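Working notes, structure below.
The values are calculated or read from the model by the stated rules, or taken from the named source; none is laboratory data. Computed from a predicted model, the values in this text were never measured in an experiment. Neighbour counts run over all protein chains shown; Cβ positions are idealised from the backbone, glycine included. All accessible areas refer to the heavy atoms of the entire protein, side chains included, with ligands and DNA or RNA removed. Shrake-Rupley method; radii C 1.70, N 1.55, O 1.52, S 1.80 Å.
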Amino acid sequence: MKYDHILVRVGELALKGKNRSVFEKALASNINVVLKGYDIKVHRMFGRIMIELHDAREDEIIEKLKDVFGIHSFSLALKVENELEAIQKGALAALMDSRNQPVRTFKVTAKRPNKNFPIGSQSLNPLIGGYVLQNTEDITVNVHEPDVEIRVEVREQATYITCGNIPGAGGLPVGTGGKVMLMLSGGIDSPVAGYLTMKRGVKINAIHFHSPPYTNERAKEKVKELVRILTKYCGTIQLHLVPFTEMQTTIHEKVPGDYAMTIMRRMMMRISEKIANNQKQEALAITTGESLGQVASQTLHSMNAINEVTNLPIIRPLVTMDKLEVIEIAKKIGTYETSILPFEDCCTIFLPPNSKTRPRRELANKFEGNFDFASLVDKAVAETEVITIRNQPTKEEQSVDDLF
Ligand code: ATP
Ligand code: MG
């Protein structure tokens, strides 16, 4: 007998009623997406999600599940018939198959939601525990601090036995909380901001501004790779690649150097908002990787001047974090190594070193009067290339040009 299921416990128990079922459905569907290609079946059962395993790549499946938001914890489980002997044998097999080595002590915790089963949980515990003791050596019972807890749930159709808990990623299932446009540079911060936004159940579409030929193909590949890493947490992400060269050269020509950064960011916001408002997107906010005080463009004054141009909420998950805290998350989620590859970002190329740390809205507006930015914004939106990037690296990327 071997583990043949994974029992998934849903996070955020505060969610009740109708919402709960919506969340469970979304989670089941996200699990299906992330485990595509594996021989499994996902069922929703008694407020849990059960994954039926017909695939030997158990370890890979476990690794993938650790990244799915909305999972509080999960356990390998063994399904047996509702019959004492089968349960006893199952409990022993589960303990033997348990990865929580070395096991010196255990306890049994039985539950019997199926009241038609003739033995109550209090009687089941010693019956199962006794059987395990009879059939093992050097293992004893410890009800307070066991190495392994054998949990037995006698349900209507069958009994499920688990040993040990694997912590899940927490958060909420991606897709249950609407959608944002994530402004994704090639840097360390914005992928982390995207990850944290997804953690709260929000789907992301990435938007990246590039300035060919000043930024090269490799910089674009780097951003695609960052998106691909982020798909681990949600399955699929649309990447919007915005051509930004004309806007940048125009700003460079028409705007005083110390306001170029502020105005460039305002243009990015305007373009992001237009794409967010596109009927096919319906993104309700913009997420950035900004953190207070990090660089000239990220002072409170600067955020104030940049925010002026959009009515959409701007989500800044890193706003109060130190760089080291951000780096720690970037390493954990697997984006760091890619982020530090040294390819030029569009922002760094044209910008003079003397950006204003305290830009003013009136001056930004005044300098924007120096050129017809609205048509450049529209043009950039119209020429945006959209690529769908999927979790499965084997799949060909699908190019959906001219979406607008
Ligand atoms: P990151 O590490 O994310 O690049 P940063 O610390 O380098 O951030 P800035 O360059 O000031 O900071 O950028 C602030 C935010 O603006 C980024 O986190 C990102 O959300 C957005 N941004 C910057 N450049 C681009 C770009 N080329 N395309 C899309 N978004 C961008
Ligand atoms: Mg950057």
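Just to be sure, is D138 out of contact with any Phe, Trp or Tyr (no Cβ under 8 Å at 6 or more places or on another chain), within 16 Å of ligand 2 (Cβ to nearest atom) and of a type in the set (D, E, K, R)? Talk me through it step by step, then tell me what you get.
Details: out of contact with any Phe, Trp or Tyr (no Cβ under 8 Å at 6 or more places or on another chain): yes; within 16 Å of ligand 2 (Cβ to nearest atom): no; of a type in the set (D, E, K, R): yes.
Against the criterion (out of contact with any Phe, Trp or Tyr (no Cβ under 8 Å at 6 or more places or on another chain), within 16 Å of ligand 2 (Cβ to nearest atom) and of a type in the set (D, E, K, R)), D138 does not qualify.
Close Cβ contacts (under 8 Å, 6 or more residues apart or on different chains) running from residues in the range 16-42 that are within 17 Å of R228 (Cα to Cα) to residues that are open to solvent by 60 Å² or more (accessible area, probe 1.4 Å) and of a type in the set (D, E, K, R) comprise V34/K64; V34/K232; L35/K64. Scanning the range 276-295 for residues that are open to solvent by less than 30 Å² (accessible area, probe 1.4 Å) and either outside any loop (DSSP other than H, G, I, E, B) or more than 16 Å from ligand 2 (Cβ to nearest atom) (or both) yields a total of 6. Counting residues in the range 238-254 that are of a type in the set (S, T, N, Q), under 28 Å from A330 (Cα atoms) and open to solvent by less than 10 Å² (accessible area, probe 1.4 Å) gives zero. For the range 87-98, state whether one or more residues are farther than 30 Å from V202 by Cα, part of a helix (DSSP H, G or I) and of a type in the set (K, R). Checked the range 87-98: at least one residue is farther than 30 Å from V202 by Cα, part of a helix (DSSP H, G or I) and of a type in the set (K, R).
Within the range 73-90, being out of contact with any Leu (no Cβ under 8 Å at 6 or more places or on another chain) and open to solvent by 40 Å² or more (accessible area, probe 1.4 Å) holds for K79, E81, N82, E83, E85, K89.
Here are some residues: M269, M303, M247. Which one is within 20 Å of S375 (Cα to Cα), more than 15 Å from ligand 2 (Cβ to nearest atom) and without any contact (Cβ under 8 Å) to a residue 60 or more places away in the chain? First the steps, then the outcome.
Details: M303 fails: within 20 Å of S375 (Cα to Cα); M247 fails: without any contact (Cβ under 8 Å) to a residue 60 or more places away in the chain.
None of the others qualify; the one that does is M269.
When the residues of the range 13-66 are filtered to those that are more than 26 Å from V80 (Cα to Cα) and part of a loop (DSSP other than H, G, I, E, B), the one that is least open to solvent (accessible area, probe 1.4 Å) is L15. Of the helices (runs of 4 or more DSSP H) lying entirely inside the range 316-369, those containing at least 3 residues that are out of contact with any Cys (no Cβ under 9 Å at 6 or more places or on another chain) and at pLDDT 95 or above are 323-333, 336-339, 361-368.
Residues considered: K356, K366. Of these, the only one that is open to solvent by 60 Å² or more (accessible area, probe 1.4 Å), among the basic types (K, R) and within 14 Å of ligand 1 (Cβ to nearest atom) is K356. Return yes when V108 is in contact with a strand residue (DSSP E or B) (Cβ under 6 Å, 6 or more places away or on another chain), more than 20 Å from R48 (Cα to Cα), part of a strand (DSSP E or B) and not charged (D, E, K, R) and no when it is not. So V108 passes the test.
Can you find a residue in the range 208-227 that is open to solvent by 20 Å² or more (accessible area, probe 1.4 Å) and closer than 17 Å to G11 by Cα? No: the range 208-227 contains no residue that is open to solvent by 20 Å² or more (accessible area, probe 1.4 Å) and closer than 17 Å to G11 by Cα. With respect to E344, determine if the residue is open to solvent by 30 Å² or more (accessible area, probe 1.4 Å), more than 16 Å from V192 (Cβ to Cβ) and more than 16 Å from ligand 2 (Cβ to nearest atom). In short, no. Report yes if some residue within the range 167-183 is touching a residue at least 24 places away in the same chain (Cβ under 8 Å) and basic (K, R); otherwise report no. Yes: one or more hits.
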